[in-house]
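Right, one structure below, let's go through it.
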Amino acid sequence: MVVWPPDIEPAAKIPLCRLREIGDHRPDIGSFAPFMEPALSTVFFITHPDVVVDPGRPVPRWHLSDKGIARMRIFAGTPDARAVRSVWASDETKAIEAAGILAAAHGLPVGVHPGLHENDRSATGFLPPPEFEEVANRFFERPEESVRGWERAVDAQNRVRAAFDAIIAEKTAGDIAIVGHGGVGTLLLCHLTGVPISRDHDQPFQGHYWAYAPETATLLHPWRPIAPR
């Protein structure tokens with residue numbers, strides 16, 4: 001089921017996901033089941049691309065910019081996206097919009113998991129870029145401290161890890177796309193690769209993705225851009 005927060009305004013340039021019943025179209029493969037082995041799936045963690053910065057609106061309710069929409073549409077047509085059979089997003093507007101573009105390109109619904117949201121920065125709200133970068137650095141450098149009231153990095157890591165595990169536990173056939181955010185995506189990447197929390201592992205800029213094979217607990221590749229900047 002596609003879940004859209006009530007404040008998201010549908011726009012022609014943001015294609016909404018179309019739910020479809022596929023039960024009547026699936027072939028009967030029961031007789032072949034003993035000879036078939038499930039294919040190993042890949043999980044793609046994708047960060048939302050470029051957004052419209054609106055200091056007057058809560059950050060979780062920011063929208064994708066035209067550039068962000070264009071970049072996400074490019075990614076939706078790439079070979080990595082073709083085998084995606086399950087699309088998930090955080091409950092933030094920009095993540096749902098990005099997931100909607102990907103899902104619509106492949107006739108899939110979008111699942112929303114609130115545990116995927118970005119680290120809670122509501123204590124400060126919007127910060128000008130230089131100040132934000134300074135606080136973000138401290139967030140990663142002091143993972144067990146609440147920097148200026150922000151959610152602690154260790155808590156955000158545990159939260160996104162639990163959401164990731166819950167999605168993987170559904171054992172969906174095919175590849176899985178999780179559309180989220182750079183901060184928690186980096187925290188999750190640190191956990192999965194067994195390295196300490198550090199901003200050294202952060203994405204270079206918005207709109208990147210990494211790939212992971214849960215069956216073998218293997219990182220297939222680190223951050224890559226979804227499309228040219």
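Since every read-out is calculated from the coordinates, none of them should be taken as a lab result. Please read these numbers as outputs of a predicted model, since none were measured by experiment. Note: ideal-geometry Cβ built from the backbone for every residue, glycine included; neighbour counts use all protein chains shown.
Table for the structure above
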quantity: HN-Hα J in Hz across region 197-205 - Karplus 6.51, -1.76, 1.60, θ = phi - 60°, x for Gly and Pro; calculated: 4, 7, 6, 4, 9, 6, 5, x, 6
quantity: Cα-based shape type of region 44-225, given that a ≥ b ≥ c are square roots of the gyration tensor eigenvalues and the cut on a/c is 1.5; calculated: oblate
quantity: Whether region 153-193 is rounded, prolate or oblate, judged on the alpha carbon gyration tensor where a/c under 1.5 counts as rounded; calculated: prolate
quantity: DSSP bridge pairs, region 44-225: antiparallel proportion in percent, nearest 5; calculated: 45
quantity: Centre separation in Å (Cα based) which lies between region 85-151 and region 198-229; calculated: 15
quantity: Percent RCO, i.e. relative contact order, over region 81-129, from Cα pairs under 8 Å lying at least 6 residues apart; calculated: 39
quantity: Mean separation of Cα contacts under 8 Å, 6 or more apart, over the residue count of region 44-225: relative contact order %; calculated: 28
quantity: Loop-located chymotrypsin sites (Phe, Trp or Tyr not before Pro) in region 106-195, at most 16 other Cβ atoms within 10 Å (DSSP); calculated: PHE126
quantity: Percent RCO, i.e. relative contact order, over region 46-117, from Cα pairs under 8 Å lying at least 6 residues apart; calculated: 31
quantity: Dipole of region 44-225 [Lys/Arg +1, Asp/Glu -1 at C-beta], most positive-end residue of ALA166, ILE69, VAL53; calculated: ILE69
quantity: Distant-in-sequence amide H partners of LEU220 (H built 1.01 Å from N, under 5 Å); calculated: ALA211, TYR212, ALA213
quantity: Amide H contacts under 5 Å for THR42, placed H, 5+ residues apart; calculated: ASP175, ILE176
quantity: Per-residue HN-Hα couplings for region 180-188 [Karplus 6.51, -1.76, 1.60; θ = phi - 60°; Hz; x = Gly/Pro]; calculated: x, 9, x, x, 6, x, 5, 4, 5
quantity: Sparse-neighbour loop sites [trypsin sites (Lys or Arg not before Pro); region 81-176; at most 12 other C-beta within 10 Å; DSSP]; calculated: LYS171
